[in-house]
Structures are given as structure tokens and as C-alpha cells.
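The values are calculated or read from the model by the stated rules, or taken from the named source; none is laboratory data. On a predicted model such as this, the values are computed, not experimentally measured, just so you know. Here Cβ is always computed from backbone atoms with ideal geometry, including for glycine, and neighbour counts include all displayed protein chains.
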Protein chains: 2
Amino acid sequence: MREPRRIDELDTPAAIVDVDRMTANLDRMAEYARRHGLALRPHIKTHKTPELASEQLRRGAAGLTVATVREAEVMAAVCEDLLLAYPPVGARRLERLLALPRHVHITVALDSLDAIDALARAARLAEREVVVRVEADVGMGRVGVAQSEDLIALARAVRERPPLAFGGLQFYAGHIRQRVSEQEDSLMRLSADVAALIADLEAAGFAPPVVSGGSTPAAFTAHRVKGMGETRPGTYIFNDRTTAAIDACAWDDCAYTVLATVVSNAVPGQAVVDAGSKALFREDVRGNSMPGFGALLDRPEVIVKAMSEEHGMLDLAKTDWRPRVGEQVRIVPNHVCVSVNLHPVLWGVRGDTIETRWTVAARGWTS
Amino acid sequence: MREPRRIDELDTPAAIVDVDRMTANLDRMAEYARRHGLALRPHIKTHKTPELASEQLRRGAAGLTVATVREAEVMAAVCEDLLLAYPPVGARRLERLLALPRHVHITVALDSLDAIDALARAARLAEREVVVRVEADVGMGRVGVAQSEDLIALARAVRERPPLAFGGLQFYAGHIRQRVSEQEDSLMRLSADVAALIADLEAAGFAPPVVSGGSTPAAFTAHRVKGMGETRPGTYIFNDRTTAAIDACAWDDCAYTVLATVVSNAVPGQAVVDAGSKALFREDVRGNSMPGFGALLDRPEVIVKAMSEEHGMLDLAKTDWRPRVGEQVRIVPNHVCVSVNLHPVLWGVRGDTIETRWTVAARGWTS
């Protein structure tokens with residue numbers, strides 16, 4: 001069949017990227033980091049696409065952040081400086097990590113002596129330097145150690161185990177996801193906590209070469225966290241309904257949508273589209289109690305009120321719009337990272353014209 | 001790298017299928033359908049894997065049910081009788097549907113005159129018969145028409161538009177998902193409603209050649225819906241935490257798990273594993289208010305209480321078990337269909353031995 005040239009020639013559901021909006025999002029973050037002297041190391045879990053990582057690197061990104069070894073393997077083709085922001089636990093994972101092309105500079109972040117021991121053994125066998133950052137829990141309660149003495153013990157263990165090299169302090173303040181205007185107290189607390197951790201590490205002889213944090217919800221205040229030199233936002237390349245809901249972007253900055261077709265309007269008050277939980281993902285808006293699983297790009301008052309795997313139920317209660325069967329709509333999902341991960345292909349568009357297609361190459365965990 | 005032979009050689013997260021349990025699940029449903037003279041047309045959206053569809057067909061399945069044209073394209077390699085249980089709306093979808101290999105017998109279910117018109121035009125152009133079932137809404141409120149006169153109008157429209165052929169009545173009682181012991185009233189109402197629809201269609205001269213329903217939550221009472229001759233369960237091949245929670249299967253009938261590795265135990269009271277929402281999916285148990293997003297196969301009292309994309313937080317409150325970093329666990333997800341869809345590969349195991357790997361070939365919507 002012919003390659004589609006316009007959006008209305010696409011079979012649905014399909015993942016669409018507005019190239020101009022994405023470009024503006026990339027430029028804005030690169031400019032922010034440059035202005036404040038922050039190293040930008042974007043998290044590519046959002047797009048999992050080497051061509052888009054290259055766009056980030058072309059704008060001055062210092063390297064890339066990845067969550068899985070699969071992502072590292074794919075991104076090694078376009079970047080020589082990779083941070084695995086995930087505990088490298090397990091023999092197979094270590095084997096794959098150390099089998100990355102030799103020219104790739106590998107950094108990891110971890111939070112346990114067990115993981116340091118296993119990594120050190122694997123790195124010695126591979127005769128390969130691995131830079132290790134110690135991971136602090138600054139309030140999210142997911143991974144990381146909360147106490148300075150534990151951080152120092154980890155840093156010491158790293159330094160005692162060449163070819164591991166101590167690379168600094170890392171944290172992820174993912175708990176800061178309220179409205180931007182309400183983040184001030186959390187930001188001040190974070191800044192004080194990070195400053196204390198840095199001071200304690202310094203006093204123990206482990207001055208961190210890099211202090212790395214950052215996230216999309218608090219992306220543009222990263223420079224206010226004292227001592228932080230690197231930021232790792234991911235979502236900002238596309239943004240999503242959650243990011244807009246907390247004012248961390250404007251609605252018009254949403255660059256990613258799921259194109260869908262109205263397949264039924266038999267039940268009054270709703271329209272059924274062919275994008276359900278297997279295309280949008282099922283996740284509530286976080287940091288703001290908005291209902292639904294997505295909203296129409298051109299009619300944000302129309303939300304996806306319910307879903308099955310391949311059905312999305314549009315709520316027509318707040319609109320006079322009555323779509324016909326066959327009409328296309330574009331849906332901004334609540335959380336873009338988990339929606340992109342459901343799609344094999346991203347279609348890059350300008351207006352209604354399809355300019356390119358990218359393969360979401362780093363999905364899954366194995367090649 | 002060498003192909004893994006045992007579970008502990010797998011990189012994680014990985015999707016695991018217990019072959020013996022799956023075989024028992026397949027045999028049980030095939031035997032039930034045979035005993036009650038029901039045609040079994042399994043919905044393959046659960047596994048999306050041609051080899052597993054072949055296992056269903058080998059046990060006497062009358063054909064397969066699919067939700068997407070992509071699934072139809074992939075399953076056409078193993079089955080000549082496909083039901084697209086989804087409105088075939090949109091020019092590109094119709095084009096792909098009618099481009100299926102000519103030996104494949106195509107049936108669709110739909111609920112609008114617009115869809116019938118478009119399908120009839122496409123079928124005429126392709127010079128190809130398409131069997132059309134009319135879809136009734138029996139209480140779920142998703143797709144389908146609720147009134148007999150609307151069903152009759154659809155059936156008439158089909159008959160007036162060769163090469164479309166009227167194929168009967170279809171419905172999906174997905175709203176019946178309470179505990180099996182509490183389904184009786186819903187089942188009686190469904191049976192009465194379906195009988196009335198059949199009678200009205202018959203009286204109007206549209207006796208349905210097939211009446212098709214069925215689902216996993218109410219799988220083993222399908223024979224009690226008067227007039228129903230075909231059943232379309234999907235989840236039963238693997239089962240999941242939701243199916244077990246409503247007693248539609250036993251816990252030991254859960255054949256699918258996500259293998260994960262403990263990557264951190266730094267935060268007291270929890271263990272973090274490397275299976276998060278990108279491996280398990282994020283969906284509540286339905287029909288029963290159980291917390292969490294999955295539970296350990298061998299310790300069902302340990303649930304996944306929270307998730308990030310690549311992190312699952314195990315709640316250790318109800319157990320004395322304290323896993324070490326590096327330990328593997330197997331997680332039964334709340335909803336198996338959406339978890340399988342996140343994995344490129346299924347590993348078929350007996351005990352700890354890997355017997356085979358299958359590619360989940362029908363993921364996504366395009367080839």
C-alpha cells in the first residue's frame with residue numbers, strides 16, 4: 001500500500017508528533033540549560049527514538065539518560081556518553097551493560113553495596129571503567145538512600161573498587177509534581193537537603209564531581225537547587241496533559257497526540273474512538289485532580305472518560321460538537337512516556353502533512 | 001550472547017508463560033464448549049501470538065476473534081475464519097481488511113448505517129463477500145444499539161447490500177464482571193434480553209444464523225444464555241489477578257507472570273523490582289476492590305503497591321520475607337491482555353526451564 005502523505009491517510013490509532021512544537025520544546029530547554037550553566041542530559045525513556053536523541057544532542061545535550069540496558073544499546077549508536085539512571089542489578093544486565101561499544105562512556109547510579117560489589121566484579125572482568133554516582137532519596141521514597149552516612153559509605157565503596165570511579169551525587173525529585181506556582185516550599189526544602197548532602201560528602205572527602213537532578217514538572221527551576229550542575233528532564237520534548245495541568249507547559253506546547261477515528265456514536269452523549277488503553281495507556285493526571293485519560297487537542301473540554309483496550313469513550317457532556325462516524329480526532333494523553341511506549345512508529349507532521357516516520361527503536365527490554 | 005535456558009538466566013523484566021498451566025486452561029475451555037455445543041471463537045487480543053492461536057485452533061476453536069486489522073493480518077497466516085469484533089471504520093482500515101488473503105473468510109460486527117455503507121462500497125470494489133453481524137448493546141454502554149428496531153434496520157441494510165451477508169447477532173456483556181457467585185441476576189437479565197432480541201429479529205424475518213457473546217469473567221455460564229451459539233473469551237488462556245479475584249479461575253490457573261529482579265531494598269518496608277507500569281501496565285483489579293497492580297505468584301499477600309515506569313514497589317507489610325537485591329520474583333498482573341501487549345517476546349517455561357520463545361507478533365497497528 002502507498003505510504004501515507006497526509007494525516008487523514010493514516011490508519012488509526014497512530015502516534016503523531018507535531019515537529020514544530022517539538023522543536024520549540026527542545027530549543028526552550030536547551031536555551032534554559034545554557035543560560036544557567038546547567039549540563040542537560042535528557043532522559044530518552046520518553047521517546048525511545050535515536051533520531052530524536054540526536055536532535056537533543058545537536059542542541060548541546062551533554063549526554064543521554066536511559067532507564068534500561070536496551071535503551072543504552074540503541075542509543076549507543078548516536079551518543080558516546082550514557083547514564084543508566086537505574087540500578088544495574090543482575091548478571092545478564094551487567095553483562096549487557098559492559099558489552100556496550102568500548103567508545104561509550106558509561107555512568108550508572110546506584111544505592112546498595114550489593115550492586116556496587118557486583119558491578120565492580122563485572123567491570124574488572126571487562127577491564128572497563130564505569131563511573132558510579134551514588135543515589136540519594138530526597139523525598140520520593142523509591143530508590144536511593146536518605147542518610148548522609150549511607151551515601152558516604154557507598155561513595156567510599158566505589159572509590160575502593162577500581163575500575164569503578166566515583167562520579168558524584170544523583171537524585172530524582174519526582175515527588176515535586178504539584179502546580180508550578182505551588183512548588184516553592186518543596187523546592188526550598190530540596191535545595192536545603194541537597195546542599196546538606198553535598199556538604200556532608202565534601203566533609204568526608206567525597207566532593208561530588210557532578211550533582212544531578214531535574215525533572216519536567218520542575219524543569220525551569222532546576223538552577224535554583226544549590227549545587228546542582230546537571231538536569232535530566234524527559235517529558236519536555238513532547239509534554240502531555242499532566243504537564244499542562246500543572247502549568248509546566250502551555251496546552252499549545254503539547255507536541256504528541258494519538259490520532260484516532262470515531263467508530264461509533266450509537267450511545268447518546270458519547271462518541272467511541274479507536275484509541276483505548278493500548279494506545280493512550282491508563283494513567284490518571286497526577287498533581288491535579290482532573291478526570292479522564294486524555295483530552296482532545298482542539299477541544300480540551302472533551303475528555304476520554306473511559307476506555308477499553310481498543311475503545312476510548314469521549315464524553316460529549318461539555319460540548320455541542322457531535323462527531324460523525326469516521327471523523328478523526330487527536331488526543332493528548334495524560335502521560336506521554338507510557339503512551340509512546342505502546343506505539344511502534346511515530347509520525348512527524350507539520351500541519352496535516354506527514355514529513356517523516358521514526359521507529360520507536362528502544363521499546364521492550366531485549367533486541 | 002547465549003540463549004537463556006533457565007529462568008534465572010533471563011534478563012528482566014520478562015514475560016513468562018507456564019506451558020502446563022496454559023495447556024490446562026486451553027483444554028478446560030475447549031472441553032466446556034464441546035460439552036455444551038458452543039462454538040468457541042477465542043479472542044486473540046490476549047496473546048497476539050500466532051503459535052498460541054494455533055493451539056486454540058488445534059483444540060477445536062471454530063475460528064478466531066480479533067480486535068484490530070493488524071491482528072487479522074498476522075492471524076491470517078494460521079486461520080481461515082476471522083471475526084473482526086470491532087467497527088471497520090475508516091478508508092485505510094477497510095482497504096487493509098479487504099486485502100486479507102482471499103481464502104480468509106471475513107466476518108465483522110458493527111452498529112451503524114454509516115459503517116455498513118462504507119463497508120458495502122469497499123466489498124463491492126474488492127468483489128469479496130463479507131459477513132456482517134449486527135452488534136447489540138446489552139448493558140455495557142460501549143458500542144452496539146440497544147433497541148430491536150435499530151438492530152432490525154441494520155440487518156435489513158446489510159441484506160440489501162450484497163456482497164455483504166447478514167451473519168447474525170453479536171454482543172459483549174463486559175459489564176458482568178462481579179464475583180461469579182454474584183453474577184446470577186445479571187446472567188438471567190442478559191439471557192432474557194438476548195432472547196427478546198432474537199425473537200424480534202426472527203419476527204422481522206432476520207433469524208440470526210449465529211448469536212455470539214461470551215467473556216472470561218462469565219465463561220463457564222455461557223451455555224445458560226438462551227439462544228447463544230458462539231462464545232468469545234480471551235483472557236482464559238492465561239488468566240490474571242482480576243480473573244482469580246472474582247473466582248472465574250483459581251490462583252493456580254494463572255499461567256502468565258512478569259519475571260522481575262529486586263533492584264533496591266534501601267527504603268524500609270518495601271522492595272523495588274524492575275517491573276513497573278511499562279511491564280505490568282497500570283490497571284486496578286475490576287469487580288473486586290483489591291489494592292495494588294499485581295501480586296507475587298508464590299506470595300499473593302505481597303502486592304505491587306505503587307509503580308513508576310520501570311520500578312515496581314513491593315509492599316512487605318504483610319510478610320516476613322525480606323528479599324535481597326538480585327532476587328527474582330514472578331508477578332501476576334491485574335490484567336494480562338494489556339501486560340502481554342507491552343512485551344515483544346513470551347518465554348514458555350516448564351518449572352525453571354525455558355522450553356520456547358514466542359514473538360508477540362500482532363502488537364501495534366501497523367506492520
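Considering only region A:328-357, state which residues are over 14 Å from A:Leu52 (Cβ atoms) and more than 12 Å from chain B (Cβ to nearest Cβ).
Answer for region A:328-357, where residues must be over 14 Å from A:Leu52 (Cβ atoms) and more than 12 Å from chain B (Cβ to nearest Cβ): A:Val329, A:Arg330, A:Ile331, A:Val332, A:Pro333, A:Val349, A:Arg350, A:Gly351, A:Asp352, A:Thr353, A:Ile354.
So which helices (runs of 4 or more DSSP H) stay within region A:91-181 end to end and still have 3 or more residues that are surrounded by 20 or more Cβ atoms within 10 Å (Cβ to Cβ) and within 12 Å of another protein chain (Cβ to nearest Cβ)?
On the way: elements: A:91-98, A:113-126, A:148-159.
Filter on region A:91-181 gives A:91-98, A:113-126.
Which one of B:Val360, B:Val325 is within 11 Å of chain A (Cβ to nearest Cβ) and within 25 Å of A:Val340 (Cβ to Cβ)? Reasoning before the result, please.
Values: B:Val325 fails: within 25 Å of A:Val340 (Cβ to Cβ).
From the options B:Val360, B:Val325, the qualifying one is B:Val360.
So A:Ala222 fits all but one of (1) in a helix (DSSP H, G or I); (2) at positive phi; (3) among the small types (Gly, Ala, Ser); what number is the exception?
Status for A:Ala222: all satisfied but (2).
Hey, A:Ile44 hits all of (1) surrounded by fewer than 24 Cβ atoms within 10 Å (Cβ to Cβ); (2) more than 21 Å from B:Pro268 (Cβ to Cβ) but one; which does it fall short on?
(1)
Sort out which residues of region A:36-69 are of a type in the set (D, E, K, R) and in contact (Cβ under 8 Å) with a residue 24 or more places away in the chain, and write them in order of number. Before the answer, list the steps.
At the first step, the residues of region A:36-69 found to be of a type in the set (D, E, K, R) are A:41, A:45, A:48, A:51, A:55, A:58-59.
Listed by number, the residues that qualify are A:Arg41, A:Lys45, A:Lys48, A:Glu51, A:Glu55, A:Arg59.
Quick check, is A:Ala207 part of a loop (DSSP other than H, G, I, E, B) and surrounded by 22 or more Cβ atoms within 10 Å (Cβ to Cβ)?
Working: part of a loop (DSSP other than H, G, I, E, B): yes; surrounded by 22 or more Cβ atoms within 10 Å (Cβ to Cβ): no.
Here the answer is no, as A:Ala207 does not meet what is asked.
Being closer than 27 Å to A:Leu342 by Cβ, assigned by TED's automatic domain parsing to the domain that holds A:Arg142, surrounded by fewer than 24 Cβ atoms within 10 Å (Cβ to Cβ) and aliphatic (A, V, I, L, M) is the requirement here; does A:Ala219 meet it?
Yes: the conditions hold for A:Ala219.
Mind listing just one residue for me: the one in region A:243-291 that is in contact with a strand residue (DSSP E or B) (Cβ under 7 Å, 6 or more places away or on another chain) and among the aromatic types (Phe, Trp, Tyr) and, of those, farthest from the other protein chains (Cβ to nearest Cβ)? It would help to see each step written out before you state the result.
Pass one, region A:243-291, residues in contact with a strand residue (DSSP E or B) (Cβ under 7 Å, 6 or more places away or on another chain): A:254-266, A:270-277, A:279-282, A:291.
This time we only want the ones that are among the aromatic types (Phe, Trp, Tyr), so: A:256, A:281.
Values: A:Tyr256: 16, A:Phe281: 7 Å.
This residue is A:Tyr256.
Can you name every residue in region A:147-182 that is within 20 Å of the chain's Cα centre (by Cα) and at pLDDT below 95? If you could, list the steps in order and put the result at the bottom.
Residues of region A:147-182 that are within 20 Å of the chain's Cα centre (by Cα), as a first pass: A:169-180.
The answer is A:Phe171, A:Tyr172, A:Ala173, A:Gly174, A:His175, A:Ile176, A:Arg177, A:Gln178, A:Arg179, A:Val180.
Among (1) in contact with a Pro (Cβ under 9 Å, 6 or more places away or on another chain); (2) surrounded by 24 or more Cβ atoms within 10 Å (Cβ to Cβ), where does B:Pro87 come up short?
Among (1) in contact with a Pro (Cβ under 9 Å, 6 or more places away or on another chain); (2) surrounded by 24 or more Cβ atoms within 10 Å (Cβ to Cβ), the lone unmet condition for B:Pro87 is (1).
Could you list, in sequence order, the residues of region A:48-70 that are within 13 Å of another protein chain (Cβ to nearest Cβ) and under 25 Å from A:Glu355 (Cα atoms)?
Pass one, region A:48-70, residues within 13 Å of another protein chain (Cβ to nearest Cβ): A:48, A:65-70.
Within region A:48-70, just A:Lys48 meets the criteria.
Could you identify the single residue in B:Ala39, B:Ala33, B:Ala15, B:Ala24 that is crowded, with 23+ Cβ neighbours inside 10 Å, more than 16 Å from the chain's Cα centre (by Cα) and more than 14 Å from every other protein chain (Cβ to nearest Cβ)?
B:Ala33
Please find, within region B:280-330, the residue that is surrounded by the fewest Cβ atoms within 10 Å (Cβ to Cβ) out of those that are hydrophobic (A, V, I, L, M, F, W, C) and touching a Ser or Thr at 6+ places or on another chain (Cβ under 6 Å). Outline the logic, then answer.
Filtering region B:280-330 down to residues hydrophobic (A, V, I, L, M, F, W, C) leaves B:280-281, B:285, B:290, B:293, B:295-297, B:302-304, B:306-307, B:313-314, B:316-317, B:321, B:325, B:329.
Adding the requirement that they be touching a Ser or Thr at 6+ places or on another chain (Cβ under 6 Å) leaves B:280-281, B:285, B:297, B:302, B:307, B:325.
Details: B:Leu280: 26, B:Phe281: 28, B:Val285: 22, B:Leu297: 20, B:Val302: 23, B:Met307: 23, B:Val325: 23.
Here the residue is B:Leu297.
Is there a residue being without any contact (Cβ under 8 Å) to a residue 40 or more places away in the chain, farther than 14 Å from B:Phe220 by Cα and assigned to a strand (DSSP E or B) anywhere in region B:190-202?
No - not one qualifying residue is present in region B:190-202.
Given the residues A:Val74, A:Val89, which is the only one that is β-branched (Val, Ile, Thr) and either under 28 Å from A:Leu280 (Cβ atoms) or modelled with pLDDT of 95 or more (or both)? Write out each step before concluding.
Numbers: A:Val89 fails: either under 28 Å from A:Leu280 (Cβ atoms) or modelled with pLDDT of 95 or more (or both).
Unique residue meeting the criteria: A:Val74.
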